[in-house]
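Chemist: First, the structure itself, so that you have it in front of you.
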Amino acid sequence: MQSSYKTYFDIPEDIAYLSTPGSGLIPSEIKQWRAERDIAFFETATDLREQQGAFINQVKQSIARFFGTTSLNIFCTPNFSIGFNVLLNGLPKDARILLLADDYPSVNFPVISRDFDHTFVEVNENLEQNVIEAIGHYKPDVFILSIVQYISGIKIDLSFVQELKHRYPDMMIIGDGTQFLGTEAFHFDTSGFDAIGCSGYKWLMSGFGNGFFILNEKTRNYLYREAQQQTPTFEKMWEGKTILQLYFEPGHVDTLAQGTLQQSLHFLEKLTIERTSAFTKELTAAAKAEFEARGILSTIISKRQVSSNIFNLQIEPHHFSTLMDNGIKCFPRGNGIRIGFHLYNDPRDLEMLLHVIDFQLK
């Protein structure tokens, strides 16, 4: 195992930062880039403001390269939720939609509030089989899911998504990658997903105000079909933009926020996502064994072979303050305490957490 990636971050020695599922840290060098970029952008003599469009196109190219697709498929949004609502508005009103029960509110609520015909799949140790049975019974047009569940940390088997697309090629599969992208390598064009969205402030370590959606060609052509068939006369300022860009990227896109995302992708490319992923997989496997030994891991997670970086420890939520007082950054979710391990964590963080659990929580 790599000794540590902590040297790339500003983390005090008495802090075990395990709250990436809530908000990730930003590398020190990128915080410096942000400070210099912000000053340069507001200099009177700069031409950075005039380069906004070209800069965002470069960001799209970086996103496309990192996630294995073409920049034509990329749409820069302030976060997942805004892009997702735009996507839903482009679907036919009679679309039948399959959801996961208790998925992230920003995923399920917009579907429910629009009165789409929908039903839910139970999320348990048999998740993939439950999905197959629900599809056979309900016959949805669209399946929407978070790749990793935000409370429990349950992760869909990504090879199952590929099989699902092969078995049901006409069913649109839309993913929320916010609790997943940045934890391991992901190649969109071969993933089985028709669309995937993400906010950058968690595992992509990019702060707030940036995100993106990736849409394959079939989905791009499908959304807002009637609008795309029209030939409106664009204002000169919109020359070169597609109809979908006007929906997903109205107005100006924040270059500081999206530039931070680009810098984070460059940072992960420099370290290589394969190495950082291998590091965190080894750490999470060790953590899972320790949690199981103490009886604080949910039965569902124990039974599943596919794991994420997130754990919901079966510890009374009122212990949250004790954990925080002892330098363990975490958050109460559901009936437990949610933590997550990212590349800036190491075995010492796990040891700190276990020490508090063993000697402070009574």
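Chemist: Checking the condition in contact with a Pro (Cβ under 9 Å, 6 or more places away or on another chain) and not in a helix (DSSP H, G or I), which residue from 253, 306 passes?
Modeler: 253
Chemist: Sticking with this one: Working carefully through the options 56, 97, 30, 82, find the one that is under 17 Å from the mean Cα position of the chain (by Cα) and at negative phi.
Modeler: 82
Chemist: For the stretch 45-65, check the following and say yes or no: at least one residue is in contact with a Lys or Arg (Cβ under 9 Å, 6 or more places away or on another chain) and polar (S, T, N, Q).
Modeler: Checked the stretch 45-65: no residue is in contact with a Lys or Arg (Cβ under 9 Å, 6 or more places away or on another chain) and polar (S, T, N, Q).
Chemist: Can you tell me which residue in the stretch 193-232 is modelled with the lowest pLDDT, limited to those that are among the small types (Gly, Ala, Ser) and outside any loop (DSSP other than H, G, I, E, B)?
Modeler: Residue satisfying both the conditions and the ranking: 227.
Chemist: Go through (1) surrounded by fewer than 17 Cβ atoms within 10 Å (Cβ to Cβ); (2) out of contact with any His (no Cβ under 7 Å at 6 or more places or on another chain); (3) touching a residue at least 60 places away in the same chain (Cβ under 8 Å) and name the single condition residue 109 misses.
Modeler: If we test residue 109 against (1) surrounded by fewer than 17 Cβ atoms within 10 Å (Cβ to Cβ); (2) out of contact with any His (no Cβ under 7 Å at 6 or more places or on another chain); (3) touching a residue at least 60 places away in the same chain (Cβ under 8 Å), just (3) comes out false.
Chemist: In addition: Does any residue of the stretch 264-273 turn out to be of a type in the set (S, T, N, Q), in a helix (DSSP H, G or I) and assigned by TED's automatic domain parsing to the domain that holds residue 59?
Modeler: Yes, the stretch 264-273 contains at least one residue that is of a type in the set (S, T, N, Q), in a helix (DSSP H, G or I) and assigned by TED's automatic domain parsing to the domain that holds residue 59.
Chemist: Between a first residue in the stretch 119-139 that is within 14 Å of residue 155 (Cβ to Cβ) and a second residue that is among the aromatic types (Phe, Trp, Tyr), which pairs have beta carbons less than 9 Å apart while being 6 or more apart in sequence or on different chains?
Modeler: Final answer for the pair search is 127/160; 128/160; 131/143; 131/160.
Chemist: Separate question: Of the residues that sit in the stretch 1-41 and are of a type in the set (Gly, Ala, Ser) and part of a loop (DSSP other than H, G, I, E, B), which one is modelled with the lowest pLDDT?
Modeler: 3
Chemist: Of the residues that sit in the stretch 235-286 and are of a type in the set (Ser, Thr, Tyr) and touching a Phe, Trp or Tyr at 6+ places or on another chain (Cβ under 8 Å), which one is surrounded by the fewest Cβ atoms within 10 Å (Cβ to Cβ)?
Modeler: 247
Chemist: Residue 289 is checked against (1) assigned to a helix (DSSP H, G or I); (2) surrounded by 14 or more Cβ atoms within 10 Å (Cβ to Cβ); (3) outside the structural domain of residue 186 (by TED's automatic domain parsing) and fails just one. What number does that condition carry?
Modeler: Looking at each condition in turn, residue 289 falls short on (2).
Chemist: Quick check on my filter: what residues within the stretch 20-50 are in contact (Cβ under 8 Å) with a residue 12 or more places away in the chain and farther than 16 Å from residue 206 by Cβ?
Modeler: 41, 48, listed by residue number.
Residues are listed down the side, and each one gets a yes or a no for (1) closer than 18 Å to residue 217 by Cα; (2) touching a Phe, Trp or Tyr at 6+ places or on another chain (Cβ under 7 Å); (3) basic (Lys, Arg):
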{"position": "56", "(1), (2), (3)": "no, no, no"}
{"position": "60", "(1), (2), (3)": "yes, no, yes"}
{"position": "81", "(1), (2), (3)": "no, no, no"}
{"position": "110", "(1), (2), (3)": "no, yes, no"}
{"position": "115", "(1), (2), (3)": "no, no, no"}
{"position": "118", "(1), (2), (3)": "no, no, no"}
{"position": "121", "(1), (2), (3)": "no, no, no"}
{"position": "146", "(1), (2), (3)": "no, yes, no"}
{"position": "152", "(1), (2), (3)": "no, no, no"}
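Chemist: For the stretch 316-333, enumerate the residues that are touching a Ser or Thr at 6+ places or on another chain (Cβ under 7 Å) and either charged (D, E, K, R) or surrounded by fewer than 19 Cβ atoms within 10 Å (Cβ to Cβ) (or both).
Modeler: 329, 331
Chemist: Further question on the same structure: Determine if the stretch 81-92 includes at least one residue that is touching a Gly at 6+ places or on another chain (Cβ under 7 Å) and either hydroxyl-bearing (Ser, Thr, Tyr) or surrounded by 17 or more Cβ atoms within 10 Å (Cβ to Cβ) (or both).
Modeler: yes
Chemist: Cβ-Cβ below 8 Å, separation at least six or inter-chain, first residue in the stretch 294-305 and under 16 Å from residue 350 (Cα atoms), second among the aromatic types (Phe, Trp, Tyr): which pairs?
Modeler: Taking only residues 6 or more apart or on different chains, the pairs are 297/291; 297/311.
Chemist: Let me ask something else. Which one of 274, 269, 282, 292 is of a type in the set (Asp, Glu) and within 26 Å of residue 360 (Cβ to Cβ)?
Modeler: Criteria check complete, one pass: 292.
Chemist: Go through the stretch 187-198 and give me each residue that's out of contact with any helix residue (DSSP H, G or I) (no Cβ under 8 Å at 6 or more places or on another chain) and under 15 Å from residue 157 (Cα atoms).
Modeler: Passing the criteria: only 187.
Chemist: From 62, 81, grab the single residue that is of a type in the set (Ser, Thr, Tyr), assigned to a helix (DSSP H, G or I) and in contact with a Leu (Cβ under 8 Å, 6 or more places away or on another chain).
Modeler: Answer to the selection: 62.
The values are calculated or read from the model by the stated rules, or taken from the named source; none is laboratory data. These numbers were taken from a predicted model, which means no experiment stands behind them. Note that each Cβ is placed from the backbone with ideal geometry, even for glycine, and that neighbours are counted across all protein chains shown.
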